[in-house]
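Trainee: Okay, here's the structure, questions in a sec.
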Amino acid sequence: MNKNNTLVFITLAISFILSTLLKPYPFSWAVKMLPIFLLIAITWQHSKQLIVQQKSTSVRFFIFGLLFSSCGDFLLDYNQQDWFIFGLAAFFIAHLCYLISLKPFNNVHIADKKPLILITYIGFGALMFMLFINGLAELFIPVLAYMVVLLLMALATVFSHRSNLWLVLGGISFVLSDSLIGFDKFNSTIVQNQLWVMATYYFAQFALVKGYLMSLKKN
């Protein structure tokens with residue numbers, strides 16, 4: 001990912017993040033989706049030769065992950081109140097796609113640290129779920145399932161043979177972003193939560209793309 005692409009992404013991301021202070025406004029969902037569309041185009045441009053030559057099915061799944069993320073962005077922005085469950089489902093599929101794209105999970109460099117990593121990620125997830133549980137009601141099962149696949153995706157960025165710092169940061173930032181959403185929706189309101197959610201979300205997607213493209217160069 002070159003500097004120009006990075007600059008355009010940052011500009012688009014900051015534009016939407018700041019626009020959350022003005023919401024609601026018409027077609028905000030389109031503004032929200034633009035940074036992810038850019039990441040899809042960048043990923044396709046850098047990996048299309050592998051896709052055309054049928055050399056890497058994992059790249060397709062990674063792009064599908066971005067596509068389903070953009071669907072989730074639309075659903076959650078267009079009508080979060082009524083379509084939250086559908087947005088949750090879209091991101092659930094997105095994380096499954098990211099998981100598949102990161103196989104196999106045989107990072108030998110962290111073999112001796114696996115127990116500590118697992119305890120840290122699972123412990124954080126369990127703590128967050130305990131904070132949400134009283135406000136979940138009929139969303140108990142969907143949110144639990146989503147949190148499991150989210151944590152698996154984050155762990156995959158560490159355990160994957162593709163693992164690098166950018167991928168790991170992307171996984172962590174995604175967990176943080178969704179934790180902010182959950183805490184605000186199911187526990188206590190966070191002041192200007194949309195700013196922090198979108199900042200961590202856009203960084204997560206950017207870091208995942210940057211890390212994944214870096215891993216393609218090594219394989």
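Trainee: Only one of (1) of a type outside the set (S, T, N, Q); (2) open to solvent by 70 Å² or more (accessible area, probe 1.4 Å); (3) assigned to a helix (DSSP H, G or I); (4) within 27 Å of Phe64 (Cα to Cα) fails for Met130. Which number is that?
Mentor: Result: Met130 fails condition (4) only.
Trainee: I'd like the full set of residues that are assigned to a helix (DSSP H, G or I) and either open to solvent by less than 40 Å² (accessible area, probe 1.4 Å) or touching a helix residue (DSSP H, G or I) at 6+ places or on another chain (Cβ under 7 Å) (or both), limited to region 133-143.
Mentor: Gly135, Leu139, Pro142, Val143 - these are the residues of region 133-143 that are assigned to a helix (DSSP H, G or I) and either open to solvent by less than 40 Å² (accessible area, probe 1.4 Å) or touching a helix residue (DSSP H, G or I) at 6+ places or on another chain (Cβ under 7 Å) (or both).
Trainee: So is Ala199 touching a residue at least 60 places away in the same chain (Cβ under 8 Å), open to solvent by 20 Å² or more (accessible area, probe 1.4 Å) and either part of a helix (DSSP H, G or I) or on the phi > 0 side of the Ramachandran plot (or both) or not?
Mentor: yes
Trainee: Filter region 68-83 down to the residues that are in contact (Cβ under 8 Å) with a residue 12 or more places away in the chain and open to solvent by less than 40 Å² (accessible area, probe 1.4 Å) and list them by number.
Mentor: Correct list: Ser69, Ser70, Gly72, Asp73, Leu75, Asp77.
Trainee: Among the residues of region 18-25, is any open to solvent by less than 30 Å² (accessible area, probe 1.4 Å), farther than 22 Å from Leu139 by Cβ and touching a Leu at 6+ places or on another chain (Cβ under 8 Å)?
Mentor: Taking every residue of region 18-25 in turn, at least one turns out to be open to solvent by less than 30 Å² (accessible area, probe 1.4 Å), farther than 22 Å from Leu139 by Cβ and touching a Leu at 6+ places or on another chain (Cβ under 8 Å).
Trainee: Of these, Leu39, Leu34, which one is touching a Leu at 6+ places or on another chain (Cβ under 8 Å), at pLDDT 95 or above, assigned to a helix (DSSP H, G or I) and crowded, with 20+ Cβ neighbours inside 10 Å?
Mentor: Unique residue meeting the criteria: Leu39.
Trainee: Sticking with this structure for a sec: Being open to solvent by 50 Å² or more (accessible area, probe 1.4 Å) and either under 18 Å from Leu66 (Cβ atoms) or in contact with a Pro (Cβ under 8 Å, 6 or more places away or on another chain) (or both) narrows it down to one of Leu169, Leu165, so name that one.
Mentor: It is Leu169.
The values are calculated or read from the model by the stated rules, or taken from the named source; none is laboratory data. The shown structure was predicted, so the numbers you read here are calculated from the model rather than taken from an experiment. Backbone-built Cβ (ideal geometry, glycine too); neighbour counts: all protein chains shown. For accessibility, only protein heavy atoms count, side chains too; no ligands or nucleic acids. Shrake-Rupley method; radii C 1.70, N 1.55, O 1.52, S 1.80 Å.
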